[in-house]
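Have a look at the structure below, then the notes.
Every number here is computed from the coordinates shown, using simple stated rules; none is lab data. Model, not experiment: these values are computed from the prediction. A quick note on method: Cβ atoms are made from the backbone with ideal geometry, for glycine too, and the neighbour counts reach across all protein chains shown.
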Amino acid sequence: MSTATEQATTPAPAPQQQTVTFKILRFNPDEDTAPHWQEFQVDVYPTDRVLDALTMIKGEQDGSLTFRRSCGHGICGSDAMRINGRNRLACKTLIKDLNAKKPITVEAIKGLPQEKDLVVDMEPFFQAYREVMPFLITSGHDPSKERIQSIAEREVFDDTTKCIMCAACTTSCPVFWSDGQYFGPQAIVGAHRFIFDSRDEGAATRLEILNSKEGVWRCRTTFNCTEACPRGIQITKAIQEVKRAVINS
Ligand code: F3S
Ligand code: FES
């Protein structure tokens with residue numbers, strides 16, 4: 001029988017590699033008339049991320065597989081994709097958190113034009129963000145010292161400063177998919193970050209923009225956006241706060 005000391009020092013078993021099937025929705029505008037599924041088998045560890053698997057497929061099986069990525073650590077927001085039917089960042093999705101006994105499906109995010117494989121045209125998304133003027137608006141002369149803000153004042157919009165603009169929220173919203181007339185949750189999050197900033201003087205203009213037919217009233221409180229956000233931002237709550245600010249403006 002082993003002693004307590006021996007048990008305490010026994011190393012944990014090394015994680016086992018397993019062969020997992022990835023089913024990827026491919027589209028090459030030069031060759032295809034419509035997207036089609038293609039399967040790849042990849043040997044991965046449970047602690048690998050979906051981004052690791054895609055990198056292995058691209059490096060070892062099919063160099064034409066196209067996807068965006070940059071930081072690899074959930075900061076740049078470039079690798080949002082639909083994994084097993086849910087919007088997530090490939091670099092933050094571990095194999096062990098998916099059911100790897102079945103094929104793992106990977107598709108481009110929905111509601112934006114698919115350019116190639118997992119890459120979409122982000123321009124309509126960025127255009128909506130630009131329209132809410134996501135920058136500090138002030139009047140008068142530049143101050144000669146720092147603009148002071150209390151901890152309590154900063155706290156009001158702290159959550160919406162965390163956005164990395166990955167588009168996981170906007171492209172999970174059924175209203176955004178269906179009518180193409182909605183700014184989408186990310187643009188409202190971007191506006192929220194400045195509307196509630198005590199140093200900013202542009203709230204009235206932003207609220208007027210968001211009171212338009214493309215604005216906050218299109219939100220049906222579906223909560224898909226909140227569930228999809230890889231930063232855990234309470235997006236639906238932020239949208240409700242903007243709605244209330246419009247009513248009180
Ligand atoms: Fe869409 Fe989020 Fe509203 S998913 S309907 S923006 S709560
Ligand atoms: Fe930067 Fe995933 S690669 S967020």
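Helix-only estimate, please: 222 nm mean residue ellipticity of the chain, summing -39500 (n - 2.57) across DSSP H runs of length 4 or more and dividing by its residues, to the nearest 500.
-8000 deg cm²/dmol
Once the principal axes of the Cα atoms of the range 18-90 are found, what is the range along each, listed largest first in whole angstroms?
35, 28, 24
Considering the zone a paramagnetic label at residue 64 would reach in this model (a point 7 Å from Cα along the Cα-to-Cβ line), which residues of the range 11-35 have amide N under 19 Å from it?
Once the point is set 7 Å along Cα→Cβ of residue 64, 22-35 turn out to lie under 19 Å by backbone N, inside the range 11-35.
Using the C-alpha gyration tensor of the range 188-249, what are the square roots of 5 times its eigenvalues, in whole angstrom, with the largest one first?
20, 14, 8
Sort 201, 107 so the one with the fewest other Cβ atoms within 10 Å of its own Cβ comes first.
In increasing order of surrounding Cβ atoms, one gets 201, 107.
How high is the relative contact order of the range 119-229, given as a whole-number percent (alpha carbon pairs under 8 Å, six or more residues apart)?
Relative CO of the range 119-229 lands at 37 percent.
At 7 Å along Cα-to-Cβ for each site, give me the label-to-label distance between residue 208 and residue 146 in nm.
Simple spin-label model gives 3.4 nm for this pair.
Run the dipole for the chain about the Cα centre, Lys and Arg Cβ at +1, Asp and Glu Cβ at -1, nothing else charged, and hand back the magnitude in debye, nearest 20.
Computed about the Cα centre, the dipole is about 600 debye.
Take residue 34 and residue 16, extend 7 Å from each Cα along the Cα→Cβ direction, and tell me the distance between the two endpoints in nm.
That separation, rounded to one decimal, is 4.0 nm.
Taking other Cβ within 10 Å of each residue's Cβ, how do 97, 142 sort, fewest first?
The most exposed by this proxy come first: 142, 97.
Give 116/213; 145/213; 110/213; 96/116; 23/243; 101/237 a once-over and call out the pairs whose C-alpha atoms are over 30 Å from each other.
116/213; 145/213; 23/243; 101/237
With the cut-off at 23 Å, report for the chain the share of all Cα pairs above it, as a whole percent.
Taking all Cα-Cα pairs of the chain, the fraction more than 23 Å apart is 57 percent.
Per Stokes-Einstein, at 10 °C and 1.306 mPa s, what whole-number D in µm² s⁻¹ belongs to the range 29-150, with the Kirkwood radius over Cα pairs as the hydrodynamic radius?
For the chosen part, D equals 93 µm²/s.
Hey, what do the phi angles of the range 60-77 turn into as Karplus ³J(HN,Hα) couplings, whole Hz, using 6.51/-1.76/1.60 and θ = phi - 60°, x for Gly and Pro?
Running phi through 6.51 cos²θ - 1.76 cosθ + 1.60 with θ = phi - 60° gives 10, 10, 8, x, 7, 4, 10, 7, 9, 6, 8, 6, x, 9, x, 10, 7, x Hz.
Fully extended, how many nm does the chain gain between residue 43 and residue 96 (0.36 nm per residue separation, minus their Cα-Cα distance)?
Answer, rounded to one decimal: 17.8 nm.
To the nearest 0.05, how large is the calculated FRET efficiency for residue 199 and residue 71 if R₀ is 25 Å and r is the Cβ-Cβ distance?
0.30
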